[in-house]
Amino acid sequence: MRGFCGRMLQVFFGALLAVVPCCGAEQSTGENILVLFGANRPDNREMLDSLEREIRPRVPSPITFHEAYLTTNYDLKRYRAYTDSQAQALRHTYGGLGLDLIIAVYSPAVEFVIQYRDKMFPDVPMMYAGIGIEAGKEWKDWPGVPGATFGVGLRETIDLALKLHPDTKRVAVVAGPDWFWIGEIHAELSRRNVEAVDIISNEPSREMVEKVAALPPHTVALLHTTITPVRSEFGGRELIRGVSQIVPTYSAWKYICLDFGCVGGAYVDEQENAAAAAEIAARILAGERPENIPVAYTGELRATVDWRALQQWHVPDSALPAGTLVLNREPSLWERGRDYFLAGIAVILVQTFLIAALFWQRARKRRAEAELRTSEEKFSKSFRESPLAVIMTRLNDFQFVEVNEVFQEQTGWSRDEVIGRNLLDIDLWVDRNQTGEFREKLRSTGSVRDWEVEIRKKDGETRTLVVSAEVIDVNDEVCALSVATDITERKQAEQALSSVSRRLIEAHEEERVRIARELHDDINQRLAFLSVSLSNLKQGVPASDASTKQGVEQVRQELNELGNDVQALSHRLHSSKLEYLGLAVAARSFCKEFCGRHNVEILFHDDNIPRNLAPEISLCLFRVLQEALRNALKYSGTQRFEATLEGTSSEIHLSVRDTGVGFDPEAAMHQQGLGLISMRERLKLVDGQLSIDAKPQGGTTVHARVPLTPRFESQHNKSRFAR
């Protein structure tokens, strides 16, 4: 009776403790998956995490995972009451959740669910995971139940052990009474002619460790047992640690080997196997019938070893097969202190860089100082020996800082006399107002080019200089460096040449007037007299002599045309309209005559041109108009021109434009023709300027601008009073 009651209490409490849910049994939305483990192994949590991580991305709806564990020490048939109580506990805990899938992990859980599914969770589909089969062996699965299996690398683990310990004479098979796998181990060792020493026990014990210790040398151990203690304080972990301290220990089951002192074995990629199981689960949750889904198999094995065990048994890395995964490798000195080493190297590199930069900066400074000294020496030598006058003054007050010998020669002032004084102190510039203008332009632009100025030497002589200046910094003080060229002789030569040019042009104009008057007053009158005489002669010819009359008439007409040509030539040489009617009328008349004579079109326009314009200006612009139109007719290739005369309070502007082939003005100035040169020289005599806007195939515009200066106005008034 006591035995029966004790057994019933054991069954009752075993059933309560056998089922350990990870979540409450409340109804949840989405998909509900129960993961039932057939053994309490240390890698169960890793297995569950892998399944969750792989299944969730494959299923669009939310998923709630529930986990439970079976106690598998009892035979399902012998202890039927115990297993029945486990099934009832599972149904009570999870029956109201509306499970969508059961995943049985390990063989005991698969067999338990197949036996009790109709009682616990009818019509709920199931699958399995974590089922290992010997690599290369045929798998006889459970009909209608899909799942994911993986290869157990039994022969590969044995080959690894024999490779790493080539002097092995025997293998201690440390296992529980799992006769299927023990038989497989014996078969593999027999094929390799290695002695198998069985150390078999229902439960791990110290006696098993002592038996291993009693074995002769050249022995390795092959483990096939559980590491979870059931009824004894000395369990699987203690067994593995004890054996692995005596002989090199290997196992084809990763979860009972690594991290407990074993060397290692050959194992599949657990993540890949979890992914295969997740794919099957997703297909079932999507509505596919389980019986239509094939079993997935993960069979690619990889040798995996613990570096600490390799060191314990003096196994070199060179003995490992290619591609072996080495775990728990002790980091090298570099790996342990890599961050510190890198930081130290970085500091050293930075310091090296800074030191190099300092040396480079020092060398650069020395080089710059040497270049500066050389530059200063060159500047000083150039300053002293320059053939031009060189002056350095302060910009704010034009006080002399330094002058060269040429300046002293040109001005008569010695260096000691001018240093510390300014331009106004020695009254150097004749026009004192130019000093302020020069300084303002230098301040605003930073440089001045070709500034023409008259200076008064110390002895009172006046000279003309062309000054160019640049703002420079000398010892943190803004100064002006000026270079002056004496152009007095050149100006005098230009004035003499201008006077000669003026006299030549005036003589030319006087000769044109004389010839024009002779043509008009003498030759043209005589031609007119001859024409009248021929008319009288024609009247005296008899009517019967028609041919003579016709000949006389023809001669008279030709004589009239000759008279017209002589009169036109006289007007071109000297326009009386220019003298009596003014520039605008004369220019318009010339354009009209030019159009008739050459069969071209000229669009003429004048605006605000005074009639009492100085004769020099009128004659100059009239001649420029004549020359510009003749050049346009000759070279432009077009028959249409524009001529414009515009007057302002300060100048008269003449422009002649065509839309012809254009030309290069600079190249034309160096050719043998005198047209452009004569126009420019004429304009110089009246202080005018000639400019040409032209480019090949872009047309040409000639601009002539003459200022209305008091000099010509006074000369014009004098000529009016004289008349």
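Classify the stretch 252-381: rounded, prolate or oblate, from the alpha-carbon gyration tensor (a ≥ b ≥ c, eigenvalue square roots; a/c under 1.5 rounded; otherwise prolate if a/b is larger than b/c)? It is prolate, given that a/c is not under 1.5 and a/b is the larger ratio.
Of the cross-linked pairs LYS441/LYS684; LYS592/LYS695; LYS592/LYS684; LYS491/LYS684; LYS634/LYS695, those separated by over 23 Å at the C-alpha level are LYS441/LYS684; LYS592/LYS695; LYS592/LYS684.
Loop-located chymotrypsin sites (Phe, Trp or Tyr not before Pro) in the stretch 106-204 (DSSP state other than H, G, I, E, B) with a sparse environment of at most 14 neighbouring Cβ atoms within 10 Å: TRP139. Dimensions of the stretch 331-383 based on its C-alpha atoms, expressed as ranges along the principal axes with the largest first, amount to 73, 10, 8 Å. The HN-Hα couplings worked out from phi for the stretch 296-313 by the Karplus form 6.51 cos²θ - 1.76 cosθ + 1.60 (θ = phi - 60°) are 9, 10, 10, x, 6, 9, 9, 5, 10, 10, 9, 4, 5, 5, 4, 5, 4, 9 Hz, whole numbers, x standing for Gly and Pro. Positive contributions from Lys and Arg (+1) and negative ones from Asp and Glu (-1), summed over other residues with Cβ under 9 Å from the Cβ of ILE602, come out at 0. Remark: ARG367, ARG394 ranked as ARG367, ARG394, counting other beta-carbon atoms within 10 Å and listing the fewest first.
In plain terms, the residue of HIS66, HIS653 with the fewest other Cβ atoms within 10 Å comes first and the most crowded comes last, giving HIS653, HIS66.
Other residues whose C-beta falls under 12 angstrom from the C-beta of VAL59 contribute a net charge of -2, scoring Lys and Arg +1 and Asp and Glu -1. Note on the stretch 331-383: dipole from Cβ charges, positive end direction compared against SER332, PHE353, ALA363; the farthest Cα belongs to ALA363. When you count the other C-beta atoms within 10 angstrom of each residue and take the mean per peptide, 699-705, 402-408, 358-364, 48-54 line up highest first as 699-705, 402-408, 48-54, 358-364. Net charge of the neighbourhood of ILE200, taken over other residues with C-beta under 12 Å away and scored Lys/Arg +1, Asp/Glu -1, is -3. Label-to-label distance, SER414 versus ASP43, with points set 7 angstrom from Cα along the beta-carbon direction: 11.0 nm. A straight line joining the Cα centroids of the stretch 91-161 and the stretch 400-452 runs 109 Å.
We did not get these values from a lab; they are worked out from the coordinates using the rules stated. All values derive from a computational prediction rather than experimental measurement. Here the Cβ is made from the backbone with ideal geometry for all residues, glycine too, and neighbour counts use every protein chain on show.
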